1. Gly195 is checked against (1) of a type outside the set (A, V, I, L, M, F, W, C); (2) over 22 Å from the mean Cα position of the chain (by Cα); (3) not in a loop (DSSP other than H, G, I, E, B) and fails just one. What number does that condition carry?
2. Looking for something aromatic (Phe, Trp, Tyr), surrounded by 18 or more Cβ atoms within 10 Å (Cβ to Cβ), under 28 Å from Ala11 (Cα atoms) and in contact with a helix residue (DSSP H, G or I) (Cβ under 7 Å, 6 or more places away or on another chain) - is there at least one such residue anywhere in segment 104-115?
3. Taking Asn9 as meeting all but one of (1) modelled with pLDDT under 90; (2) over 24 Å from Trp135 (Cα atoms), write down the number of the exception.
4. Mind listing just one residue for me: the one in segment 174-210 that is open to solvent by less than 60 Å² (accessible area, probe 1.4 Å) and out of contact with any strand residue (DSSP E or B) (no Cβ under 8 Å at 6 or more places or on another chain) and, of those, modelled with the lowest pLDDT?
5. Which residues, counting only those in segment 84-97, are open to solvent by 10 Å² or more (accessible area, probe 1.4 Å), touching a Ser or Thr at 6+ places or on another chain (Cβ under 9 Å) and in contact (Cβ under 8 Å) with a residue 40 or more places away in the chain?
6. Test Leu41 against the criterion of being open to solvent by less than 40 Å² (accessible area, probe 1.4 Å) and under 21 Å from Thr3 (Cβ atoms), and give yes or no.
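The values are calculated or read from the model by the stated rules, or taken from the named source; none is laboratory data. The model shown is predicted, which means the values in this text are computed figures rather than measured ones. Reconstructed Cβ throughout: ideal geometry from the backbone, glycine too, with neighbour counts over all protein chains shown. All accessible areas refer to the heavy atoms of the entire protein, side chains included, with ligands and DNA or RNA removed. Shrake-Rupley method; radii C 1.70, N 1.55, O 1.52, S 1.80 Å.
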Amino acid sequence: MVTPGDIINHAEMCSDAGRGMMQRGMNFRSNDSMSVILMSLRVGAPYEDKVEDDGRILIYEGHDVQKNFASTSDPKAEDQPMYFPSGMPTQNGRFYLAASDFKKQKIAPELVRVYEKIKAGIWVYNGVFELVDSWLAEQAGRKVFKFKLLVTDATTTERKKSENDLKDLEHNRMIPSAVKLEVWKRDKGKCKMCGSTDNLHFDHILPFAKGGTSLIAENIQLLCARHNLQKSDNIV
């Protein structure tokens, strides 16, 4: 089972999410599958996603009009769409309406699994987040969707309802992308303990509970599943 901080490839990500070979970044739930978003904070990423509050909050940007529905040759010149021409909501619309219904106290917050691309073919599972807000923002002369998601350890049967409950969640705090990339390069994509390149995980050397941080590479290391488990068993 994939846990927050695990490093996986695209096929493993799709399998973990319980979906086919995902290509689009926004995937509102279908049947029993949880909603999924794919993010990137890399230089040159097509959307302006950002992380706040030491990894507890994700501000995710909506997606542009599909090229086959665009009225110009540049989707970046058009407002991001709420609906298709048929009147059905786009992925932007589905996430936006879910956040609106939550704010109106009609439903519980939508649970969203978040995966982050850090390099070509390399993804990190960032954990489960609750979709709590959505709005339209003016950006470069057009309107784009913004979505606010809060980290949680809730599942489909156990939901957190207070932001205060999130303050002590260590395992779900997102490590900044720049730190992940620095650690990946420093550790050469291998476990620091044994040199394995399989089942890797971004590990906090000093846990949050003991004053550690996710903001500097010096406190993050790559460990394989075996050595990550051994370390966890030895923490008192």
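1. With (1) of a type outside the set (A, V, I, L, M, F, W, C); (2) over 22 Å from the mean Cα position of the chain (by Cα); (3) not in a loop (DSSP other than H, G, I, E, B) applied to Gly195, the lone miss is (3).
2. Among the residues of segment 104-115, at least one is aromatic (Phe, Trp, Tyr), surrounded by 18 or more Cβ atoms within 10 Å (Cβ to Cβ), under 28 Å from Ala11 (Cα atoms) and in contact with a helix residue (DSSP H, G or I) (Cβ under 7 Å, 6 or more places away or on another chain), which makes the answer yes.
3. (1)
4. If we take residues in segment 174-210 being open to solvent by less than 60 Å² (accessible area, probe 1.4 Å) and out of contact with any strand residue (DSSP E or B) (no Cβ under 8 Å at 6 or more places or on another chain), then Phe208 is modelled with the lowest pLDDT.
5. If the condition is that a residue be open to solvent by 10 Å² or more (accessible area, probe 1.4 Å), touching a Ser or Thr at 6+ places or on another chain (Cβ under 9 Å) and in contact (Cβ under 8 Å) with a residue 40 or more places away in the chain, then Arg94, Tyr96 are the ones that fit.
6. No, not satisfied.
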